[in-house]
Amino acid sequence: MHLLTNATFYKGDNKVYETPMMEVTEINTPERKAATIELDVPLSELKPGFYMCQINVIDEAGGQAAFPRLALLIR
């Protein structure tokens, strides 16, 4: 297993913040057969408002990628 992941925050079409890329090399939640990943996002980098958050997951070993997005309100 070799995953690369990070989160990107958009306001409209503008990228306003991106976490550093993290590397995951093992399943660390065996009961779910999954890799649990925690990304730190300093809220001081994001002003209050609506954002689109994109989670980037790249599986280099499997040759796959996923880029789910979710709406996020920061108050």
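Out of all the residues in segment 12-66, which are within 15 Å of the chain's Cα centre (by Cα), exposed (fewer than 12 other Cβ atoms within 10 Å of the Cβ) and acidic (D, E)?
Selection gives E23, E38, D40.
Taking segment 17-28, which residues are in contact with an Asp or Glu (Cβ under 8 Å, 6 or more places away or on another chain) and in a strand (DSSP E or B)?
Answer for segment 17-28, where residues must be in contact with an Asp or Glu (Cβ under 8 Å, 6 or more places away or on another chain) and in a strand (DSSP E or B): just Y17.
Each reported figure results from applying straightforward, stated rules to the coordinates on display, with no laboratory input. What you are looking at is a predicted structure, and each value in this text was computed from that prediction instead of being measured. Positions of Cβ are backbone-derived with ideal geometry, glycine not excepted, and every protein chain shown enters the neighbour counts.
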